[in-house]
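Below: one structure, written as structure tokens.
The values are calculated or read from the model by the stated rules, or taken from the named source; none is laboratory data. Predicted model only: the values in this text are computed from it and were never measured. A quick note on method: Cβ atoms are made from the backbone with ideal geometry, for glycine too, and the neighbour counts reach across all protein chains shown. Note: areas computed on protein heavy atoms with side chains; ligands, DNA, RNA excluded. Shrake-Rupley method; radii C 1.70, N 1.55, O 1.52, S 1.80 Å.
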Amino acid sequence: MQKENKQPIQVVNIPSPSLNSKLGRYFIGKTELLNFGGGYYAWGGIVNPINSGVNLYIDLFTITNFSAQNFISEIWLNADPPKNAVDSFNVTPTNQAVTPPPTPKAVMKNAGYSTEPMTKGVNIFDRIVTQNFTLVSDSHNGSIIIGPGGSFSILLRPPGFQYIAGTIVLTWWEESK
């Protein structure tokens, strides 16, 4: 009788962010320095163009407060960006070994000194960002999915009239619909 050689079965779990980074579909972006306060808001987010042909999968976000005053951050889905929003040029694929580097279909935008409240969309949660601190979100592992024509937004709202400066960093991957 022949002896069986039983090898244990090995299961490998590759998290979606790692796999999508390897595939060149994972991106990271940062807003410009956002100034707000004195009756003004700041805003940063990702807009998925209506004709992009991709879904966005939100992973992480960070919000850095460079001031000595706490402020509120409101997280919104599918809100319209403020009219004074501009494109952020601080966006890159996380896989720097891919040549040529992939370009995201989504557009990261930001606005400082905005008087516009958020319109449309849904405010899904708020966070307090304490003074001289960086708030790091839990990994959403792609559980927030933004289709073409949608957006993921963070509104920075001061508690009073103090002037505040901060930045927002967002990570996401894109998959064809």
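Remarks
- Of the residues making up the stretch 136-164, those that are open to solvent by less than 20 Å² (accessible area, probe 1.4 Å) and small (Gly, Ala, Ser) are Ser137, Gly142, Gly150, Ser151, Ser153.
- Residue match in the stretch 135-149 (condition: modelled with pLDDT of 95 or more, of a type in the set (Gly, Ala, Ser) and part of a strand (DSSP E or B)): no
- Out of Val98, Val86, one residue alone is modelled with pLDDT of 95 or more and of a type outside the set (S, T, N, Q). It is Val86.
- Answer residue from the stretch 83-99, given it is under 21 Å from Ala111 (Cβ atoms) and touching a Lys or Arg at 6+ places or on another chain (Cβ under 9 Å) and is surrounded by the fewest Cβ atoms within 10 Å (Cβ to Cβ) among those: Asp87
- Enumeration of residues in the stretch 26-71 that are charged (D, E, K, R) and either open to solvent by less than 60 Å² (accessible area, probe 1.4 Å) or at pLDDT below 95 (or both): Asp59
- If you go through the stretch 109-135 and pick out every residue that is under 24 Å from Ser21 (Cα atoms) and loosely packed, with under 12 Cβ neighbours inside 10 Å, you end up with 0.
- Matching residues in the stretch 150-177 - criterion: being among the basic types (Lys, Arg) and assigned to a loop (DSSP other than H, G, I, E, B): Lys177
- Evaluation of Glu74 against (1) at pLDDT below 95; (2) in contact with a Phe, Trp or Tyr (Cβ under 9 Å, 6 or more places away or on another chain); (3) not aromatic (Phe, Trp, Tyr) (one fails), failing number: (1)
- So Phe71, is it under 21 Å from Pro49 (Cβ atoms) and aromatic (Phe, Trp, Tyr): no
- Contacts under 7 angstrom Cβ, first residue in the stretch 110-136 being within 18 Å of Asn84 (Cβ to Cβ), partner basic (Lys, Arg) and open to solvent by 60 Å² or more (accessible area, probe 1.4 Å), 6 or more apart: Glu116/Lys83
Results for (1) part of a strand (DSSP E or B); (2) aliphatic (A, V, I, L, M), shown as yes or no for each residue.
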position	(1), (2)
Val91	yes, yes
Pro100	no, no
Lys109	yes, no
Ile124	yes, yes
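- Residue list for the stretch 80-89, restricted to those being under 17 Å from Asn35 (Cα atoms) and part of a strand (DSSP E or B): Val86, Asp87
- Asn20 meets the stated requirement of being open to solvent by less than 30 Å² (accessible area, probe 1.4 Å), modelled with pLDDT under 95 and under 15 Å from Thr171 (Cα atoms).
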